[in-house]
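Structure first, then comments.
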Amino acid sequence: MTTQLFLRPGRDDAARRRHPWVFSRALAGSPSPPAEEVEVRSPSRALLGRGFLSPRSSIAARIWRFGDGPLDASWVAGLVESAVALRERFVPPGTDGYRVVHAEGDGLPGLVVDRYANVLAVQATTAGTEAARPLWLPPLAARFPGATILQRNDVASRHGEGLPLEDELLAGSPPPGRVPFRERGLTFLADLAGGQKTGFFLDQRENRHLVRGLSAGRSVLNLFSYSGAFGVAALAGGATRVTHVDVSAPALALARENHAANGQDLSLVETVVADAFEDLRERVARGETWDVVVTDPPAFAKKTLDVDRACRGYKDVNRLALKLLAPGGVLLACSCSGPVSIDLFQKVLFAAALDAGVPARILERRGAGPDHPVSIDCPETEYLKAFLLAR
Ligand code: SAH
């Protein structure tokens, strides 16, 4: 049986503009579990689309198909197929680690699938996505025969949705804790068991490639390094030395393994377990200079209420990072905060440069790679922003 959700008068604009999120406050009445298929209807009962309910979330439902067509296996298989086909066209050579499904960006709300060689790491971030598993799992498994499919469930949003948090093996044999894969000919280890995200930050692939191209003969400071991927790319590009800074000692241990996996000279690599804010202040006080600096902090803002505080954090980090730039040096400044728009982030960097007294120039505005497509109907899916600044 399909539940009908009626939008309140004046609250059907977003759905008519094909935005997939149906907020609970836009609903006439409050839906109750189970998290099943729903029909979303206008106040005058017109069918706007079909989706799945997330009864405990402020986004009460997400629309998977607009209009009156059925939300069935063949519709979802078509979305999975077009997601896979897109990657076949855009993933660069020498790469078997990439995002196969990017949730709303591929028309599959709440579903993230990252590929690491023969392992697919899945996140189903909403109750609706979980309920829809019989629709998305068979076409995914059919497209990657023999692959291990692991659903990683220790995801913040699942806590709020009241979903189980233990990982589930959906296909194949249990994967090793660390899965080696290739990115543009380099080898990396995804930490499936204990790592952040699904084990690696695939979204930065094209920005790592940029840094690789800028690093020949340069010193590189990689702040908020996680498992060191920017630094591995930098050494592959001929960097003279790389320093990684992160609060997580296990992430830095993995960084050394990633360098070693590529046969790189570990004497050129330094790992520093520290708070990056404090570390930066000390480097500025010591008068250090660097040719290439990367700042890639965790999302300082997850919701709109956090934006002011997040901007202060981004300003602080990048003000200090700019002060470290040698003449002709470059800073790759990243933000993965969804609610901080690229224009706002640019203003923050402007304020940082002004305070630092550094005449910065914008060389490039960048985002995630094409395996993280942004839904034009759902601009919230554009979470990663990056600026390449030159001194
Ligand atoms: N640049 C990385 C991804 C960075 S994710 C890549 O390309 O793979 C953000 C990282 O910041 C995490 O590894 C987290 O451990 C670290 N982190 C969070 N707060 C920090 C802080 N205050 N100082 C230093 N590192 C921090």
Which of (1) assigned to a strand (DSSP E or B); (2) within 13 Å of the ligand (Cβ to nearest atom) does Gly329 not meet, given it meets every other one?
-> (2)
Has segment 217-236 got any residue that is of a type in the set (Gly, Ala, Ser), within 21 Å of Ala368 (Cβ to Cβ) and either in the same structural domain as Ala156 (by TED's automatic domain parsing) or more than 10 Å from the ligand (Cβ to nearest atom) (or both)?
-> yes
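Being of a type in the set (S, T, N, Q) and more than 24 Å from Val247 (Cβ to Cβ) is the filter; apply it to segment 154-196 and report the residue that is surrounded by the fewest Cβ atoms within 10 Å (Cβ to Cβ). Full working, then the answer.
So the first thing to find is which residues in segment 154-196 are of a type in the set (S, T, N, Q), and the list is 157, 173, 187, 196.
Still in the running and more than 24 Å from Val247 (Cβ to Cβ): 173, 187.
On the way: Ser173: 9, Thr187: 16.
Selected residue: Ser173.
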Would you please list the contacts, defined by Cβ atoms under 9 Å and residues six or more apart or on different chains, that run from a residue in segment 62-85 that is closer than 13 Å to Pro134 by Cα and of a type in the set (Phe, Trp, Tyr) to a residue that is at pLDDT 95 or above and part of a helix (DSSP H, G or I)?
-> Trp75/Leu135
Which residue, of Arg309, Arg283, is surrounded by fewer than 17 Cβ atoms within 10 Å (Cβ to Cβ) and within 16 Å of the ligand (Cβ to nearest atom)?
-> Arg309
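Residues to consider are Ile342, Ile362; find the one that is surrounded by fewer than 21 Cβ atoms within 10 Å (Cβ to Cβ), under 19 Å from the mean Cα position of the chain (by Cα) and either among the small types (Gly, Ala, Ser) or over 19 Å from Thr289 (Cβ atoms) (or both).
Values: Ile362 fails: under 19 Å from the mean Cα position of the chain (by Cα).
Just one listed residue meets the conditions, Ile342.
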Segment 253-273, residues that are in contact (Cβ under 8 Å) with a residue 24 or more places away in the chain and either loosely packed, with under 14 Cβ neighbours inside 10 Å or assigned to a helix (DSSP H, G or I) (or both) | Leu254, Ala255, Arg256, Glu257, Asn258, His259, Ala261, Asp265, Leu268
All-but-one check, Arg208 against (1) among the basic types (Lys, Arg); (2) over 21 Å from His102 (Cα atoms); (3) within 10 Å of the ligand (Cβ to nearest atom), failing number (2)
Would you confirm whether any residue within segment 224-235 is within 20 Å of the chain's Cα centre (by Cα) and surrounded by fewer than 22 Cβ atoms within 10 Å (Cβ to Cβ)?
-> yes
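The values are calculated or read from the model by the stated rules, or taken from the named source; none is laboratory data. All of these numbers come straight from a predicted model, not from anything done at the bench. Every residue, glycine among them, receives a Cβ derived from its backbone with ideal geometry; neighbour counts consider all protein chains shown.
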